[in-house]
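Okay, structure first, notes after.
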Amino acid sequence: MDDTARIEERVAEMEERRKRVAIGGGDVRIAKQHAAGKRTARERLRILLDEDSFVEIGVFVEPIGVSGEERIDAPGEGVVVGHGTVNGRTVYVFAQDFTVLGGSLGKMHAAKIARIMDLAAATGAPIVGLNDSAGARIQEGVDALSGYGEVFFRNARYSGVVPQISAVLGPCAGGAVYSPALTDFVAMTRDTSYMFITGPDVIRQATREEVGFAELGGAKVHATRSGVAHLVGVDDEDVLRRIRTLLGYLPSSSREAPPRRDTHDPIDRATPELSGLVPTDPKRAYPMRSVIASLVDDGRFFEIHEGWARNVVVGFAHLGGTAVGIVANDPRQRAGTLDIDASDKAARFVRTCDAFHLPVVTLVDVSGFLPGVAQEHAGIIRHGAKMLYAYAEATVPKLTLIVRKSYGGAYLAMNSKDMGADVVLAWPTASVAVMGAEGAAAVLHRREIEAASDPDRVRAERIRQYRERYDDPWRAAARGYVDDVVDPARTRKELILRLRALSGKRVEPPNRKHGNVPL
Ligand code: HXC
C-alpha cells in the first residue's frame, strides 16, 4: 500500500471513529433523552455557542476500563469537551452525555474536563460546564473518585481566575453536585434537573423519610430554599440563553475588565419617577427592582438568586456602559431586613463581583438584622459577618446610595463609608441612625412612657421629637459618612459620574497569605 492509500485509509477510519463518537449512546437513548424534554450534549453546545464555533478536543479518548481488563463501551467517554465562542468571545466548555452510561464520570471523562479547565485558566477564558450525570461511574471504583478529585481541585484552583458557570440539565447525583457547587454560578432547568448528595432511596433507608426527586433536589428547591441554584430556566434552551447573557456581564478572566456595553440611554437621563416610587414612611413597602430599573442603562437588570433570600436583591446591570453588580434591600420581603440567607447571598455576590472587577453599587433601605431566636441559634452572627467581611475585603469601586432608612449593624453591613465604600450618597428623605424612631423612643423614654397617665400621647410625642432630631441624612453628611445628598431625579447621572471617576481604583492587598473569611 502506498502512502496516499495509507493516509486515505486512516482518514476514512478517523471519520468512522468520529461518527461513532458523535452518536453517543445511540438512537434509542437519544430518543429517550428527547422524550424527557432534554437535548443531547452536542445539541446543547450548538445552542450555547455561536454558530459553527465549536472546536472539539479529545474526541478519541476512551475509558480506562475496569481494572484495565474488561472494556467499557463509552463513546467519547461520555463527555464532549472543547472551546467555542459566545458573542465572539472564547469560552471553554464541557457537556456530559447522559446517553453514554448516564453521563457517569470515569477517570478519562474527568481527564477531558480537566484538560479544558487547564487550557481555560492558562489562556484566560470562562469555563461553562453542562452537567447531566449519574455521578461516579460505579464500574471504575476509586478511579472515578480520583476523577472527581481532579475536577474539584481545578474548580477551587481556578476560582477567581476565570468565571466558571455550571448548567445542571439533568440528574446531578452524588459527587456530580460538588463541581457545580464550587463554581461561580449554577443554572438549573425547571422540570428536568435535580441535584442531591444522596437520593430518595438512600434517604428512605437512612432516615425513613419519604421524598420524591423534585421535592428533594429539583430546581424549585434549590432556587428558593437551599440557594444552590442562582438561575432557573424553563428548559435547556432557556438556561443556555441565560448563560450567554450572564457571560456578557463578566470578563473572560481576572486579568481583564468586564466588557462595556454601548447604550443610547443618556447618562444624564432624569429619573423623576423615583420620588413617587419610594414612600417617605419607612414602614411602607415599594418595589426595589423598579428603583434599580430606573437607574440602570435601558432598564436592564439581570437578577441572580431571584427566588432565594428575597429580602436582598442582587444582580448585574450597566451604568453608563460599565458593568456593575447591584446589591439592594427589598422592603417588600421581611421588611428588607438582613437574615442568614440574605447575608450569605449578598456576601457571595460581592465576592464574585470583586473577583471579576465589577464595581458594586449598594442601594440601602434596611432597618437592621432580623431579630429572632431561630436566627441567633442558626448563626446570624457568623453569617452576617460574611457580609461585613466581603464588603471590607472588596477592592473594586464601591458606591452606596441610601434610598431611605439605614439603621444599626445593617448600616455597616450594607457598605457604609467606614466599611470601605468609596462614595456614599443619600436621598434627602434618607435616615441614618442607630435604630428607627419607635425603637429609640421605647429605649430612651421607657420610664417616662410607663409613668405617664397618657402613655400613647407621650410615646407619640417622643417619636416625633426623635424623628425631627435624627431622622434625616444631615448628621451623617455633616460627619462625612455621606458624601452628598442628591436629588432622586438626578441620581443616575450622579452614580455614573462617580463610577467613572473611580475607574482607576487600585488597592494593594495586605501582606498576608490570605484572609480568613468567616464561612
Ligand atoms: C455507571 C450508570 C450509573 C453510574 C447510571 N448508569 N448510573 N453507569 N455508573 N453511576 C447507567 C445505567 O446503567 C444506564 O445504562 C444509564 O446509565 C442510564 O441510567 P438509568 O438508570 O436508565 O436512567 P434514569 O432512569 O434516567 O435514572 C438516572 C439516575 C439513576 C437517577 C441518575 O441512573 C441512578 O440513580 N444512578 C445512580 C446514581 C448514583 O448513585 N451515582 C453514584 C453516586 S456516588 P444503560 O446502558 O441502560 O443505558 C458518587 C460518589 C462521588 O458520585 C463522590 C465524590 C465526592
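Readers should treat all values here as calculations from the given coordinates under stated rules, not as data from a laboratory. Predicted model only: the values in this text are computed from it and were never measured. Here the Cβ positions follow ideal geometry from the backbone for every residue, glycine too, while neighbour counts run over all protein chains shown.
Can you give the FRET efficiency for Glu16 and Phe153, using 1/(1 + (r/R0)^6), R0 = 41 Å, r = Cβ-Cβ distance, to the nearest 0.05?
E(calc), rounded to 0.05, equals 0.70.
At a Förster radius of 45 Å, what calculated FRET efficiency corresponds to the Cβ-Cβ distance of Ile7 and Ile138, to the nearest 0.05?
Values: r = 41 Å, r/R0 = 0.91.
It comes to 0.65.
Any idea what the dipole of the chain comes to, in debye rounded to 20, about its Cα centre with Lys/Arg Cβ at +1 and Asp/Glu Cβ at -1?
1540
Add +1 for every Lys or Arg and -1 for every Asp or Glu among the other residues with Cβ under 12 Å from the Cβ of Thr322, and state the total.
Summing Lys and Arg as +1 and Asp and Glu as -1 gives +2.
Tell me the volume per residue, in Å³, of the convex hull enclosing the alpha carbons of the range 371-519.
149
Please report the Cα spread of the range 136-290 along all three principal axes, rounded to whole Å, starting with the longest.
Cα extents, longest axis first: 64, 41, 29 Å.
Suppose a student asked you for the relative contact order of the chain, using Cα pairs under 8 Å spaced at least 6 residues apart; what percent would you report?
In percent, rounded to a whole number, it is 9.
Calculate, axis by axis, the spread of Cα positions in the range 247-343 along the three principal axes, and write the results as whole Å, longest axis first.
Computed over the range 247-343, the largest-to-smallest principal extents equal 42, 34, 17 Å.
Given the range 411-475 reduced to its alpha-carbon atoms as identical point scatterers, what log10 I(q)/I(0) does the Debye formula return at q = 0.11, 0.12, 0.19, 0.23 Å⁻¹?
Those come out to -0.35, -0.40, -0.75, -0.93, one per q.
Quick check for me: using +1 on Lys/Arg Cβ and -1 on Asp/Glu Cβ, what's the dipole size of the range 388-486 about its Cα centre, in debye to the nearest 20?
Taking the Cα centre of the range 388-486 as origin, the dipole is about 120 debye.
Between the alpha-carbon centers of the range 305-344 and the range 245-259, tell me the distance in whole angstrom.
Rounded to whole Å, the Cα centres lie 20 Å apart.
If the convex hull of the alpha-carbon atoms of the chain is projected onto planes in all directions, what is the mean projected area in square nanometres?
31.1
So what's the projected area for the range 263-409, the Cα convex hull averaged over all directions, in nm²?
For the range 263-409, averaging the hull's shadow over all directions gives 8.5 nm².
Kyte-Doolittle cut-off -0.5, length cut-off 18 Å along the helix's own axis using Cα: show which whole DSSP H helices in the chain pass.
Going by DSSP H runs, the hits are 107-123, 142-157, 340-355, 380-393.
Which one, Gly480, Gly409, Tyr148, is farthest towards the positive end of the dipole of the chain when Lys and Arg carry +1 and Asp and Glu -1 on their Cβ?
Going by the charge dipole, the pick is Gly480.
Could you please report the charge total around Asp201, scoring K, R as +1 and D, E as -1 over all other residues with beta-carbon less than 15 angstrom from its beta-carbon?
Within the 15 Å Cβ shell, the charges total -1.
For a label point 7 angstrom out from the Cα of Val202 toward its Cβ, which stretches of the range 101-122 have the backbone nitrogen within less than 20 Å?
Once the point is set 7 Å along Cα→Cβ of Val202, 101-107, 110 turn out to lie under 20 Å by backbone N, inside the range 101-122.
Determine, from the Cβ-Cβ distance of Ser146 and Glu376 and an R0 of 41 Å, the FRET efficiency 1/(1 + (r/R0)^6), rounded to the nearest 0.05.
Computed FRET efficiency for Ser146 and Glu376 comes out at 0.45.
Taking N as the number of residues in the range 4-105, what value does Rg over Cα atoms divided by 2.2 N^0.38 Å take?
Expressed relative to 2.2 N^0.38 Å, the Cα Rg reads 1.18.
Under a point-charge model restricted to the Cβ atoms of Lys and Arg (+1) and Asp and Glu (-1), what is the dipole moment magnitude of the range 108-188 relative to its Cα centre, in debye to the nearest 20?
Roughly 100 debye, rounded to the nearest 20.
Report the normalised scattering of the range 63-151 as log10 I(q)/I(0) at q = 0.19, 0.21 Å⁻¹, calculated by the Debye formula with identical scatterers on the alpha carbons.
At q = 0.19, 0.21 Å⁻¹ the computed log10 ratios are -0.79, -0.92.
Towards the positive end of the charge dipole of the chain, with charges on Cβ (+1 Lys, Arg; -1 Asp, Glu), say which of Val202, His445, Val232 has the farthest Cα.
His445
State the extension gain, in nm to one decimal, for the chain segment bounded by Glu508 and Arg464, taking 0.36 nm per residue of separation less the distance between their alpha-carbons.
The span from Glu508 to Arg464 would gain 11.2 nm if fully extended.
Cα extents of the range 164-240 along the three principal axes, largest first, in whole Å?
In descending order, the Cα extents are 37, 23, 19 Å.
Treating cross-link reach as a plain straight distance, find the lysines whose alpha-carbon is under 27 Å from the alpha-carbon of Lys220, omitting any fewer than eight places away in the same chain.
In chain and number order, the partners are Lys32, Lys38, Lys345, Lys386.
Would you mind telling me the antiparallel percentage of the DSSP bridges in the chain, rounded to 5?
35
Identify the residues of the range 41-60 with backbone N under 19 Å of a label point that sits 7 angstrom from the Cα of Thr123 along the Cα-to-Cβ direction, or state none.
45-60
Determine by what factor the alpha-carbon radius of gyration of the range 98-192 differs from 2.2 N^0.38 Å, reporting the quotient.
The reported ratio for this selection is 1.01.
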